[in-house]
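Student: Got a structure for you, written out below as structure tokens; questions coming shortly.
Values quoted throughout were computed directly from the atomic coordinates according to the rules given, and no laboratory measurement underlies them. Owing to the predicted nature of the structure, the values given are computational and were not obtained by experimental measurement. No Cβ is skipped: glycine too gets one built from the backbone with ideal geometry, and neighbour counts run over all protein chains shown.
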Amino acid sequence: MEARDRNESSTYNIQETLPIDGKLDLAKGVYNHMVKQYGALPCGFRLTTFVDAPAGSGLGTSSTLMVAIVGAFVEWLQLPLGEYDIAHKAYKIEREELHMAGGKQDQYAATFGGVNFMEFYDNDRVIVNPLRIKSKYLYELENNLLLYFTATSRLSSTIIEAQSANVLSKNEKSIEAMHQLKEQARMMKEALLKGKVDDIGYILDYGFRFKKQMAQGISNNKMDELYETALQAGATGGKISGAGGGGFMMFYCPGNTNYKVKEALAGYEGNFRSYHFTDHGLVSWSV
């Protein structure tokens, strides 16, 4: 097993369970699950992974990698699993078996791809609703959204645990903030479907204000300063990716204000990263 972006590699004998010891745990977690679920593998193998985004980025990299590894095993072993099965399996391995804190939206987003409105219910019931958004609206959205790496990473689990603790202790401010973030998703869905693309900035700002109320550590003085600097330069809203505390931020810049926002943030340590929307999620093939 080898993670090229992290310069980590290990060789193991084929066995029932590989040790979960902080090294290549995502890959070993999938291996352990597959052996337990489907029996001994037919032969040895070499698994090589590479992730473009830095660790702790808040872009759902661990869950996306988990989905990719599960997809590779599904392709190799020709398992009769659909998209919902793969997404749920990735969630189960990462959250329940490896005990990595977080939600389940990342696994479904990575598996299905495209633009979706996802609904999560009790008893692991999930519905992924693909949204039929006109191409011109997506082109405009992609043009106006800037992805900014703050040049810092964070341990998302500590922030997620703080959020969970607030819910369990029935912290009213935190719970109300979560309700408002759920409402934000509905607002964004309507804006995209109706082509009100410039509303996205204000909707992001709406969510940003409430997200900071969910737990301490989601934002900090540096990130608040970056956010306000972007707003003063012409952005109408933005968000912290993932759990917060570092990693990536994104800003909605209507018209041609993205140039002014880039200039305004040029004096900080971070940098902007290119990205593109895709209409597909997990893809696997055999050669």
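Student: Taking the Cα centre as origin and putting +1 on Lys and Arg beta-carbons and -1 on Asp and Glu beta-carbons, what dipole magnitude results for the chain, to the nearest 20 debye?
Tutor: 320
Student: Then there is this: Can you sort 95, 209 so the residue with the fewest Cβ neighbours within 10 Å comes first?
Tutor: Taking fewest neighbouring Cβ atoms as first place, the list is 209, 95.
Student: A follow-up question, please. For an R0 of 22 angstrom, estimate the FRET efficiency from the Cβ-Cβ distance between residue 132 and residue 83 and round to the nearest 0.05.
Tutor: Numbers: r = 18 Å, r/R0 = 0.81.
It comes out at approximately 0.80.
Student: Positive end of the dipole of the chain, charges at C-beta (+1 Lys, Arg; -1 Asp, Glu), about the Cα centre: which of 117, 79, 7 has its Cα farthest in that direction?
Tutor: In the chain, that residue is 117.
Student: Full-extension gain between residue 46 and residue 142, please, as 0.36 nm times their residue separation minus the C-alpha to C-alpha distance.
Tutor: Fully extending the segment from residue 46 to residue 142 adds 30.9 nm.
Student: Let me ask something additional. Excluding residue 117 itself, what net charge comes from residues whose Cβ is under 9 Å from its Cβ, given Lys and Arg +1 and Asp and Glu -1? Write down the numbers at each step before the final one.
Tutor: Numbers: positive: 186, 189; negative: 119.
Taking every Cβ under 9 Å from that of residue 117, the sum is +1.
Student: Fewest first, what order do 134, 23, 89, 28 take by the number of other Cβ atoms within 10 Å?
Tutor: 134, 23, 28, 89
Student: For helix 25-38, report the angle its Cα long axis makes with the longest principal axis of the Cα atoms of the chain; keep it between 0 and 90° and round to the nearest 10°.
Tutor: Tilt relative to the chain: about 50 degrees.
Student: Mind pulling up the Rg/Rh value for the stretch 71-129? Radius of gyration and Kirkwood radius, both on Cα.
Tutor: We get a ratio of 0.96 for the stretch 71-129.
Student: Between residue 209 and residue 124, what's the calculated FRET efficiency when r is the beta-carbon distance and R0 is 41 Å? Round to 0.05. Before the final figure, lay out each step's value.
Tutor: Details: r = 31 Å, r/R0 = 0.76.
About 0.85, to the nearest 0.05.
Student: Would you order 128, 287, 115, 30 from fewest to most other beta-carbon atoms within 10 Å of each residue's own beta-carbon?
Tutor: Least to most surrounded, the residues fall as 287, 128, 115, 30.
Student: Here is a further query. If each of residue 222 and residue 183 carries a label point 7 Å out from its Cα toward its Cβ, how far apart are those two points in nm?
Tutor: 3.3
Student: For residue 96 and residue 36, calculate 0.36 nm times their separation in residues minus their Cα-Cα distance, and state this gained length in nm to one decimal.
Tutor: Using 0.36 nm per residue and subtracting the Cα-Cα distance, I get 20.1 nm.
Student: When a/c reaches 1.5 or more, the comparison of a/b and b/c decides; with that in mind, is the stretch 52-156 rounded, prolate or oblate per its Cα gyration tensor?
Tutor: Oblate, since a/c reaches 1.5 and b/c is not below a/b.
Student: Just tell me which aspartates and glutamates come within less than 17 Å, Cα to Cα, of residue 23; anything on the same chain fewer than 8 places away is out.
Tutor: In chain and number order, the partners are 2, 5, 8, 94, 97.
Student: A follow-up question, please. How big is the Rg/Rh ratio for the chain, C-alpha atoms only, Rh by Kirkwood, two decimals?
Tutor: Taking Rg over the Kirkwood Rh, I get 0.98.
Student: Hey, another quick one. Once R0 is set to 45 Å, what does the formula 1/(1 + (r/R0)^6) return for the Cβ-Cβ distance between residue 17 and residue 269, expressed as a FRET efficiency to the nearest 0.05?
Tutor: 0.60
Student: Continuing with this model, one more query. Local charge sum around residue 250 (other residues, Cβ-Cβ under 14 Å, Lys/Arg +1, Asp/Glu -1)?
Tutor: Once all neighbours under 14 Å are counted, the net charge is +2.
Student: Between the stretch 251-287 and the stretch 87-133, what is the separation of their alpha carbon centroids in Å?
Tutor: 23
Student: If you add up the charges near residue 232, with Lys and Arg at +1 and Asp and Glu at -1, over every other residue whose beta carbon is less than 14 angstrom from its beta carbon, what do you get?
Tutor: -3
Student: Relative contact order for the chain using alpha-carbon pairs under 8 Å, separation at least 6, rounded to a whole percent? Can you show the working numbers first?
Tutor: Values: 425 pairs, mean separation 60.5, N = 287.
Once divided by the residue count of the chain, the mean separation gives 21 percent.
Student: What dipole magnitude, in Debye to the nearest 20, does the stretch 2-130 give about its Cα centre under +1 on Lys/Arg Cβ and -1 on Asp/Glu Cβ?
Tutor: It works out to roughly 180 debye.
Student: Which entries of 182/239; 189/262; 28/212 have Cα-Cα distances beyond 23 Å here?
Tutor: Where the Cα-Cα span goes over 23 Å, the pairs concerned are 189/262; 28/212.
Student: Grab the DSSP H runs of the chain that are 4 residues or longer, score each as -39,500 (n - 2.57), total them, divide by all residues and round the 222 nm result to the nearest 500 deg cm²/dmol.
Tutor: About -14000 deg cm²/dmol.
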